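These notes are about the structure you will find just below.
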Amino acid sequence: QVQLVESGGGLVQAGGSLRLSCAVSGSIFSIDAMGWYRQAPGKQRELVATITNGGNTNYADSVKGRFTISRDNAKNTVYLYLQMNSLKPEDTAVYYCNAWKYYSGGGVPYWGQGTQVTVSS
């Protein structure tokens, strides 16, 4: 099993910054791509940014140039981060950490519980 625990959300004014963290523990062997997703009230969950085990990154157009995803593959825990700068009210959402673990039959996604980010205007 894989456990994901997010932290770092909160309330910030427009133009401010926040850093989200996600600690991934348990059976972390064969975890490859990881990412951050978000879901605003009344909207579908959407991709924010992803990063592969090799460090290749991908960002939603809406956050390019403002958000930076990174990861730290420690011995027993993988840490995923999202540095969010120049925050806008439209960035308000619950942010979820995601990790893909690969088994012989294919990949399985794991999700954290989510952390609320609220940006006031």
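The values are calculated or read from the model by the stated rules, or taken from the named source; none is laboratory data. The structure presented is a predicted model; accordingly, all values stated were derived computationally and were not measured. Glycine gets a Cβ as well: all are built from the backbone with ideal geometry, and neighbour counts include every protein chain shown. Surface accessibility is based on the protein's heavy atoms, side chains included, excluding ligands, DNA and RNA. Shrake-Rupley method; radii C 1.70, N 1.55, O 1.52, S 1.80 Å.
So between Ala40 and Lys75, what do we pick up on full extension, going 0.36 nm a residue minus the alpha carbon distance? All intermediate terms of the calculation are to be shown ahead of the outcome.
Numbers: separation 35, 0.36 × 35 = 12.60 nm, distance 3.40 nm.
That works out to 9.2 nm of additional length.
So if each residue of separation counts as 0.36 nm, and I subtract the Cα-Cα distance between Asp61 and Gln113, what length gain in nm does that give? Walk me through the intermediate numbers first.
On the way: separation 52, 0.36 × 52 = 18.72 nm, distance 2.47 nm.
Length gained between Asp61 and Gln113: 16.3 nm.
Would you pull out the residues with amide H under 5 Å of Leu87's amide H, same chain only if 5 or more places away, H placed 1.01 Å from N?
Gly15, Gly16
Taking the alpha-carbon centroid of each part, what is the distance from the stretch 90-121 to the stretch 30-45 in angstrom?
4
In whole Hz and in residue order, list the ³J(HN,Hα) couplings for the stretch 20-31 that follow from phi through the Karplus curve 6.51 cos²θ - 1.76 cosθ + 1.60, θ = phi - 60°; x for Gly and Pro.
8, 10, 9, 9, 10, 10, x, 7, 8, 4, 6, 7
In Å², what does the accessible area per residue of the chain work out to with a 1.4 Å probe? List each step's numbers first, then the result.
Details: 6300 Å² over 121 residues.
In whole numbers, the chain has 52 Å² accessible per residue.
Could you order peptides 74-83, 27-36, 89-98 by the average number of other Cβ atoms within 10 Å of their residues, highest first? Kindly include the intermediate steps, with their values, before the conclusion.
Working: 74-83: 15.6, 27-36: 17.6, 89-98: 19.3.
With the highest mean Cβ count within 10 Å placed first, the list reads 89-98, 27-36, 74-83.
How large is ³J(HN,Hα) for each residue in the stretch 73-87, as worked out from phi by the Karplus curve 6.51 cos²θ - 1.76 cosθ + 1.60 (θ = phi - 60°), to whole Hz, x for Gly and Pro?
8, 7, 5, 10, 9, 9, 10, 10, 10, 9, 8, 10, 10, 6, 5
Would you kindly calculate the mean projected area, averaged across all directions, of the convex hull enclosing the Cα atoms of the chain, in square nanometres?
7.3
Given +1 on the Cβ of Lys and Arg, -1 on the Cβ of Asp and Glu, and no further charges, what dipole in debye does the chain carry about its Cα centre, rounded to the nearest 20?
With only Lys, Arg, Asp and Glu charged at Cβ, the dipole is about 40 debye.
Could you work out the relative contact order of the chain, using alpha carbon pairs under 8 angstrom and six or more residues apart, expressed as a whole percent?
Values: 307 pairs, mean separation 43.1, N = 121.
Reported relative contact order: 36 percent.
What number of lysine-lysine pairs in the chain show an alpha-carbon separation below 23 angstrom, given a sequence spacing of 8 or more or placement on distinct chains? Can you show the working numbers first?
On the way: Lys43/Lys64; Lys43/Lys88; Lys64/Lys88; Lys75/Lys101.
Taking the Cα cut-off of 23 Å, the pair count is 4.
So if I place +1 on the C-beta of Lys and Arg and -1 on the C-beta of Asp and Glu, and nothing else carries charge, what would the dipole magnitude of the stretch 1-64 be about its Cα centre? I want it in debye, nearest 20. Please list the in-between numbers first.
Numbers: 5 positive and 4 negative charges, 32 e Å.
With only Lys, Arg, Asp and Glu charged at Cβ, the dipole is about 160 debye.
Give the carbon-plus-sulfur fraction of the accessible surface of the chain in %, rounded to a whole number; probe 1.4 Å, heavy atoms of protein chains only. Write out the running numbers ahead of the final one.
Values: 3050 of 6300 Å².
Carbon and sulfur: 48 percent of the exposed surface of the chain.
Can you find, among Asn56, Ile28, Gly16, the residue sitting farthest towards the positive end of the charge dipole of the stretch 16-67, where Lys and Arg contribute +1 and Asp and Glu -1 at Cβ?
With unit charges placed on the Cβ atoms, the residue in question is Gly16.
Please list 3J(HN,Hα) in residue order for the stretch 40-49, calculated via the Karplus relation 6.51 cos²θ - 1.76 cosθ + 1.60 where θ = phi - 60°; whole Hz, with x for glycine and proline.
8, x, x, 10, 7, 5, 10, 6, 9, 6
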